[in-house]
Amino acid sequence: MDSNRSAIIKELTVILVIVALLLATGGLLVRNVVVGLRSLDNATLAGELDGGIDKTFRGFDIEKTIRELAGKFLPAKEKQPAPVGAKKGQVTTVRFFEGGRQITPYKQRTYSAQFSPRAKNIYTEIAYKNNSYKIADAAIPVVLQYIDPAGRKVVEIKKTTHPKKDWASVVFASGAGADEVGSWQTGRYTVKVYFDGDHIGDYNFTIQ
């Protein structure tokens, strides 16, 4: 469709350029006759010639005019889907917050990188830009690996975030822990974050 559209615009451009030149040439011939006649009476011509081109033609953007006309008769260009293999999202921030079995509502979250040993569940929040915005709904795999202070992988969470096409940005969260106090030992934890198949980084929080 794009190639046909371009071809039609080019053909219209050529045709209208020829018509414009013919009109300009005809106008100049008539104008020259008028100039000749008025010069016999020492009359002056209000319109001024500049390099053989009447100034009344200045500012006439043929290409812009063609595109405006073509836009009225040709179907609007549809937004193309993202290329196969393109990343569906771009991570902007990764933060931690504490919560219970039910995830804390977004506006009530308190973010930190340090928690008490009495913490229950510690959630990892990923905010990202939706690259499929205004194109289509998407499904993006997310993997979170919790590494304890001894360097052992104690939890691996595999989930999928589902941004809608009308969401420009998205916040995803998932966590690890237990409903009772005492599931976390003191020390520094690392969370390896994999988003859309890529390892985007290691993020740390401390229990103390």
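Does residue 87 fit the bill of being farther than 21 Å from residue 205 by Cβ and open to solvent by 70 Å² or more (accessible area, probe 1.4 Å)?
yes
Would you check which residues across the range 191-208 are of a type in the set (S, T, N, Q) and in a loop (DSSP other than H, G, I, E, B) and list them?
Hit for the range 191-208 is 208, nothing else.
Just checking, how many residues over the range 174-200 are more than 23 Å from the chain's Cα centre (by Cα) and either loosely packed, with under 13 Cβ neighbours inside 10 Å or small (Gly, Ala, Ser) (or both)?
13
Could you run through the range 168-190 and say how many residues are among the hydroxyl-bearing types (Ser, Thr, Tyr) and either within 29 Å of residue 129 (Cβ to Cβ) or part of a strand (DSSP E or B) (or both)?
Total meeting the criteria: 4.
The values are calculated or read from the model by the stated rules, or taken from the named source; none is laboratory data. Here the structure is a predicted model, which means the values were calculated and not measured. With ideal geometry, Cβ positions are generated from the backbone for all residues, glycine too; neighbour counts draw on all protein chains shown. What goes into the accessible areas is simple: the full protein's heavy atoms, side chains included, and nothing from ligands, DNA or RNA. Shrake-Rupley method; radii C 1.70, N 1.55, O 1.52, S 1.80 Å.
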